[in-house]
Amino acid sequence: MSASTETVSRRERMAVLARAEGGDLARCWKSLGVDPAFEMIRGPETGLATVRGRISGDGDPFNFGDVTVTRATVRVDSGQVGHAYRLGRDTAAARLCAVIDALAQDPAMAQRIDEAVTGPLGRSLSERDRRRRAETEATRVDFFTMVRGED
């Protein structure tokens, strides 16, 4: 496995963990049956981050507003350091995501985490997104203009 493949895998794992609901994350973690010792290096800390947007999706960027972000960094007993950033103020979820990130640096543990935590959470998030798209599509209105002959 190349370094870029590992980075993509870690990126995908962290994207799922960052979007998961705190309760779902805790349930999946508990099903894994792991309780590692760890040391907090940073946080969890809550602060603000500026969200940028683009006019029409591809125009000039502009500052859209601020969002609350919680971050945490931990070191597990085996020496790996894990980091996590999550929208919102859920410090327990941010800490747990950082622990998962640190443990997942061991390939054998990463596989267990992906099977018990990331996989189920990813499927749940995909289903939630599919439902939201369907609900949004159900309220879609197509506007059109009829041109009158005298113009």
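Odds and ends about this structure:
- Estimated FRET transfer efficiency when R0 is 35 angstrom, pair E115-S56 (beta carbons, to 0.05): 0.25
- Between A37 and R123, the FRET efficiency estimated from the beta carbon spacing at R0 = 22 angstrom works out to 0.15.
- Percent RCO, i.e. relative contact order, over the chain, from Cα pairs under 8 Å lying at least 6 residues apart: 23 percent
- Overall dimensions of the chain as given by Cα atoms, namely Rg and Dmax in Å: 20.4, 80
- Whether segment 71-130 is rounded, prolate or oblate, judged on the alpha carbon gyration tensor where a/c under 1.5 counts as rounded: oblate
Just so you know, all these numbers are worked out from the coordinates, no wet-lab data involved. None of the values given here were measured: they were computed from a predicted structure. Please note: Cβ atoms are built from the backbone with ideal geometry, for glycine as well, and neighbour counts cover all protein chains shown.
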